[in-house]
1. Can you give the FRET efficiency for Glu128 and Asn59, using 1/(1 + (r/R0)^6), R0 = 41 Å, r = Cβ-Cβ distance, to the nearest 0.05?
2. Place +1 on the Cβ of every Lys and Arg and -1 on the Cβ of every Asp and Glu in the stretch 43-146, take the dipole about the Cα centre, and give the residue among Ser64, Ile49, Ile84 whose Cα lies farthest towards its positive end.
3. How high is the FRET efficiency between Leu30 and Glu89 when r is their beta carbon distance and R₀ equals 25 Å, given to the nearest 0.05?
4. Of Lys72/Lys92; Lys37/Lys92; Lys93/Lys119; Lys39/Lys93, which pairs sit farther than 25 Å apart, going by alpha carbon to alpha carbon?
5. With an 8 Å Cα cut-off and a minimum separation of 6 or more residues, compute the relative contact order for the stretch 15-137 in percent.
6. Neighbour counts of other C-beta atoms within 10 Å: give me Thr66, Thr113 arranged from fewest to most.
Amino acid sequence: MKLFLKSRFAHKGISSVVRDEAKDMNALYLRIEKLMKEKSPYLDGDFTIKDLSHSVYHNRAYVSKTINKVAKVNFRNYINTYRIRYAVELIKKDPRVKISEVASLSGFNSLPTFNSSFKDVMSMRPSEYLCELRARRPLFSSKTIE
C-alpha cells in the first residue's frame, strides 16, 4: 500500500495533494450548500449524514470530514443551524406562533433540542427572541383598529 501511494504521488508534492483535497472539499461543500438551500432536507427530523451523503453521491466519512473542515462544525450543528434559520423565519412571519410548532416545522424531534440549538445559534432562548420580536412589532397596526 505504501509503495502504491508513493508511486501515485511521487510526481506531486505533498502541498499539491493537500491543495487538491481542499479544492475537492470546497466543491463538495458548494454542492451540499446548494442542496440545503434548494431542497431543505433539514426539515425532515430524521435527516442523517447518510441521507446527505447519498444525495451528493459521496461516502459518509468524506461528507462529514468536508463539513468539519469547511464549515468548521460537525454535521449535527451544521443541520441545526439551518433548522434554526428556518425557525427564525417562521417566527418573523407570525410572532404569535407556538414555539413547539416552530420546533416541529423546523425539523426538530424534541423541544429541548430545539431550545438548546436555538440558544447556541441565536445566543438567546426562543421565548426571549419572541418577546423581543413582539416588543419591536405591535400585533395590530393603527390601520387595523380604524
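1. Details: r = 40 Å, r/R0 = 0.99.
Between Glu128 and Asn59 the formula returns 0.50.
2. It is Ser64, whose Cα lies furthest towards the positive end.
3. Numbers: r = 23 Å, r/R0 = 0.91.
After rounding, the FRET efficiency stands at 0.65.
4. Working: Lys72/Lys92 28 Å; Lys37/Lys92 19 Å; Lys93/Lys119 20 Å; Lys39/Lys93 20 Å.
Going by Cα-Cα distance, Lys72/Lys92 fall outside the 25 Å limit.
5. Details: 92 pairs, mean separation 26.2, N = 123.
It comes to 21 percent, rounded to a whole number.
6. Values: Thr66 22, Thr113 15.
Placing the least packed residue first, the sequence is Thr113, Thr66.
Taken together, the values in this text are just the output of simple stated rules run on the coordinates, not laboratory data. Since the model is a prediction, treat every value here as computed from it, not as a measurement. Reconstructed Cβ throughout: ideal geometry from the backbone, glycine too, with neighbour counts over all protein chains shown.
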